[in-house]
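In what follows, a structure is listed as structure tokens, so that the remarks can point back to it.
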Amino acid sequence: MYTKDDRFDVELSEIKGIGIKRIQALNEMGIYTPSDLLLRFPDKYIYKNKKLSSSVREGDEISFTGTVKTPAKRSYIRRGLTVVVCVFENNGISVRCSWFNQPFVARNLSAGDTVYVVGKVKKFKNTVQMTNPMLIAPNADDGEIVPVYKTAIPSRTFAAAVKTALASVRVNSFIPREIADKQGIMPLQTALTYVHSPRTAEELDAAKLSVATENLCYVITSYRLLKDGGRDWKYSASPDVLNGFYEKLPYTFTDGQRRAVDGIVAAMRSDKLMNMLIQGEVGCGKTAVALCAMYFAAMSGFQSALMVPTEVLARQHYATIVKILEPLGVKTQLLCASMTKQQRETALFNIKYGAASCIVGTQSLIGDDIFYSDLRLVIVDEQQRFGVNQRAKLENKGKKTDMIVMTATPIPRTLALSLYGELQQIEIRELPANRPNIHTAVVPPHKLENMYEYIIKKAAADERTYIICPRIEDGDDDITGVEAIYKKLKTMPIGAVTGCVHGKMRDGDKVAVMNDFKSGTLKVLVSTTVVEVGVDVPEATTVVIFDAERFGLSQLHQIRGRVGRGTKESYCFLVSEQGTPESDERLKEFCALKDGFSVSELDFKLRGAGDFVGIRQHGSGTLEINEKVIMNARALSDAIVEDGGVSASILRSLKNPEFIRSVTMN
């Protein structure tokens, strides 16, 4: 349950109409404050008067106002499986909709009824069909644009909670009104109201632009103010101490890694606090560079913390660091969720009283009960997997800490310069010697059996294969699930050496399966994207990505980077059975791109910058970050930095960072 802090004067329970059960449902969705609620934007919008077009294509996501043409009829297919079928009409076009094992749908649809329909198009000959579409009953007070929320609670219920919150609270922006007015940014309260209850398409676009600009302005200003902070302490170690570190490495640094280390150490020894972005190709050795910085901090008597997105990756990094640093006299500590009570208590003691100099972990590192002895260096791996708030919370665990963020999803140069300004950036483009090529290809449906035969052959040769699926369980929307593929593989000759991991498993169980995969006990691993980042298995030479059209290009490149880490030629197979002509062309372009820098440029061109800067919002109503937003946010930031009082207030707010300054009762 949400605990009141110095950002908010209002709790969800104080808003009329949001009771205990509704609060519990919202908490399960990660919504604890009015700010969380208001920033959960609609997934889609229904334009009531928009007419269906006969040109709709397979795979299109559509929403329309439908009139029941053929009453809903329930049928039994076999024991335990029923289907409800109903035909809707819009603009003379019939849409046949089916729902499996949802008998209640038939009770709510009669001939002549009007209902909003949201779902994905399936074409059969010349007919338009949808499987398990969402239905929303119209309300008398609906405007011309109706927001749709795909959440754990009904869309109407969620919309009512948002409407109640907007009517009950006052949202205060961190940007002074006079500065925002000059840049044409509407009041945040107004913008959020229009995002959730737009009256016109133009009003909705303007509101999204305002919220995106203000959010990005906060990010830019925070980075700039942190960067401008002076250093009232220094690292006492000499750069020469790194010679001992290099001698302990089981490999030789590339020229790119050496340049990166030199740049980092120079920044650490400067008079200004370091705010460094390290961008590098998948497998270029960023982690070893970060380890070098952690060793330098330890030799100066300070603590450093490395935060990574998954426990599997945390344990992998911890094992590497222990192997290299502990022979050099540097104590390392792991902190993650699956540790026993005794292990955790020991870890907290070592961190608090300085028995450990290098701390590695997941988000556990930013827990309220974690206290550091003298944290001076913070490193965030795969920074795009963390929000600005999480990074800042770790930074605030120390005293004027240096910050390094790393990513294998490079940020396009034009975006990085606009977003970060003078933030120090280091690129590592070289790969270690003898790295093999990774061949990428789209596998058509009629070649799937050939692909499985190839995987069986590779397993017999003691080579490993990842199979990545977008979700855990199969649904009626044709999205591939881990469990279905795992079940299929268990019937094949490789069944005994096939395992699976996914987000619903306990962390300890995931680690055990991954260890079996690394050791060779398992040859094939079926997984969700929990293995997307950092996992290093040199024997893995093949990765299969099902429903590849559902992933962004940068994420596909991350997954592709799980192979090609040994010496053998490697392959990435993209399976896309539900793609559109646009997604097919996108995957074709991806196959021709070999490095993350070119992939990021194409991804930015096609999808915008939201994923790069770490300010994603829930739902497909994601804030679009384009050149106009960046320019406006930069101009706002310039004005704010010139106002010393505002700058000071932002620095204070970084203790609990949020571009919404407060939410108070009206």
Heavy-atom accessible area of Lys399, protein chains in place, probe 1.4 angstrom, given in Å² to nearest 10, is 120
Taking a temperature of 37 °C and a viscosity of 0.692 mPa s, what whole-number D in µm²/s does Stokes-Einstein yield for the stretch 11-123 with Rh from Kirkwood over alpha carbon pairs? 195
For Glu585 and Ser338 in one chain, what is 0.36 nm times their gap in residues minus the Cα-Cα distance, to one decimal in nm? 84.7 nm
Please turn the phi angles of the stretch 173-179 into ³J(HN,Hα) values with the Karplus equation 6.51 cos²θ - 1.76 cosθ + 1.60 (θ = phi - 60°), one per residue in order, whole Hz, x for glycine and proline. 7, 7, 8, x, 4, 5, 6
The stretch 195-258 pair-distance distribution - Cα-Cα, 10 Å bins, rounded %: 15, 20, 17, 19, 13, 12, 3
Give the accessible area for Val322 in Å² (nearest 10); use a 1.4 Å probe, count only protein heavy atoms, and leave out ligands, DNA and RNA. 40
Report ³J(HN,Hα) in whole Hz for each residue of the stretch 239-254, in order, from the Karplus equation J = 6.51 cos²θ - 1.76 cosθ + 1.60 where θ = phi - 60°; Gly and Pro get x. x, 5, 5, 6, 4, x, 5, 4, 5, 7, 6, x, 8, 9, 4, 6
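Between Asn139 and Lys605, what FRET efficiency follows from the Cβ-Cβ distance if R0 is 45 Å, with the result rounded to 0.05?
Approximately 0.70, to the nearest 0.05.
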Given a 1.4 Å probe, the accessible area of the chain per residue, as a whole number of Å², is 43
In nm, the gap between the two label points placed 7 Å beyond Cα toward Cβ at Asn126 and Glu28 is 4.6
Once amide H atoms are placed 1.01 Å from N in the peptide plane, what residues at a sequence separation of 5 or more from Ile46, or on another chain, have their amide H within under 5 Å of its amide H? Val146, Val148
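So if R0 is 60 Å, what FRET efficiency would Glu483 and Arg231 give, r being the distance between their Cβ atoms, rounded to the nearest 0.05?
Values: r = 52 Å, r/R0 = 0.87.
In this case the efficiency is close to 0.70.
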Two-decimal Rg/Rh across the stretch 508-554, once Rg and the Kirkwood Rh are taken from alpha-carbon atoms: 0.97
State, to one decimal in nm, how far the label point of Thr521 lies from the label point of Lys504, with both points 7 Å from Cα in the Cβ direction. 2.3
Evaluate the distance, in nm, between pseudo-label points positioned 7 Å from the Cα of Arg78 and of Leu249 along their respective Cα→Cβ axes. 5.8
Could you list which residues have their amide H under 5 Å from that of Asp374, counting only those 5 or more apart in sequence or on another chain, with H placed in the peptide plane? Gln303
With +1 on the Cβ of every Lys and Arg and -1 on the Cβ of every Asp and Glu, and nothing else charged, how large is the dipole of the stretch 9-116 about its Cα centre, in debye rounded to the nearest 20? 740
Which of Val265, Ala355, Tyr318 sits farthest toward the positive end of the charge dipole of the stretch 234-362, with +1 on the Cβ of Lys and Arg and -1 on the Cβ of Asp and Glu? Ala355
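Report the full-extension gain for the segment Asn108 to Thr190: residue separation times 0.36 nm, less the Cα-Cα distance, to one decimal in nm. Can you show the working numbers first?
Values: separation 82, 0.36 × 82 = 29.52 nm, distance 3.59 nm.
25.9 nm is the gain from fully extending Asn108 to Thr190.
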Under a 5 Å amide H to amide H cut-off, with H placed in plane at 1.01 Å, what residues pair with Glu430 once short-range neighbours are removed? Gly256
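Leaving ligands, DNA and RNA out of it, report the carbon-plus-sulfur percent of the accessible area of the chain at a 1.4 Å probe.
On the way: 14340 of 28850 Å².
Carbon-and-sulfur percentage of accessible area, whole number: 50.
What number, in percent, do you get for the relative contact order of the stretch 7-91 if the mean sequence gap of Cα pairs under 8 Å and at least 6 apart is divided by its residue count? Spell out each step's value before the answer.
Working: 71 pairs, mean separation 16.8, N = 85.
Normalised by residue count, the contact order of the stretch 7-91 is 20 percent.
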In what sequence, largest accessible area first, do Tyr372, Tyr251 appear using a 1.4 Å probe? Tyr251, Tyr372
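If you keep only loop residues by DSSP, which GluC sites (Glu not before Pro) in the stretch 311-405 have at most 10 other Cβ atoms within 10 Å of their Cβ? Let's see the in-between values first.
Values: sites: Glu311, Glu345, Glu382, Glu395; in loops: Glu382.
Taking the stretch 311-405 and a limit of 10 other Cβ atoms within 10 Å, no loop GluC sites (Glu not before Pro) are found.
Run through the stretch 73-110 and list the trypsin sites (Lys or Arg not before Pro) located in a DSSP loop whose Cβ has at most 10 other Cβ atoms within 10 Å. List each step's numbers first, then the result.
Details: sites: Lys73, Arg74, Arg78, Arg79, Arg96, Arg107; in loops: Arg79.
Of the trypsin sites (Lys or Arg not before Pro), the ones in loops of the stretch 73-110 whose Cβ has at most 10 other Cβ atoms within 10 Å are Arg79.
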Hey, if we sort Glu427, Glu585 by accessible area with the 1.4 Å probe, largest down, what's the order? Glu585, Glu427
Roll a 1.4 Å probe over the protein heavy atoms and report the accessible area of Arg634 in Å², nearest 10. 50
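I'd like the GluC sites (Glu not before Pro) in the stretch 436-485 restricted to DSSP loop residues with at most 12 other Cβ atoms within 10 Å, sorted by number. Intermediate values should be presented prior to the final figure.
Working: sites: Glu449, Glu453, Glu463, Glu473, Glu483; in loops: Glu463, Glu473.
Here the GluC sites (Glu not before Pro) that fit, given the DSSP loop and packing criteria, are Glu473.
Sum -39500 (n - 2.57) across every DSSP H segment of at least 4 residues in the chain, then divide by the residue count to get the 222 nm mean residue ellipticity, nearest 500.
Values: 23 runs with 249 residues, N = 666.
Calculated at 222 nm, the ellipticity per residue is -11500 deg cm²/dmol.
Looking at the chain from every direction and averaging, what is the projected area of its Cα convex hull in nm²?
Details: hull surface 122.5 nm².
Across all orientations, the chain yields a mean hull projection of 30.6 nm².
The values are calculated or read from the model by the stated rules, or taken from the named source; none is laboratory data. The shown structure was predicted, so the numbers you read here are calculated from the model rather than taken from an experiment. Virtual Cβ from ideal backbone geometry, glycine too; neighbours counted across all protein chains shown. SASA here: full protein model, heavy atoms, side chains in, ligands and nucleic acids out. Shrake-Rupley method; radii C 1.70, N 1.55, O 1.52, S 1.80 Å.
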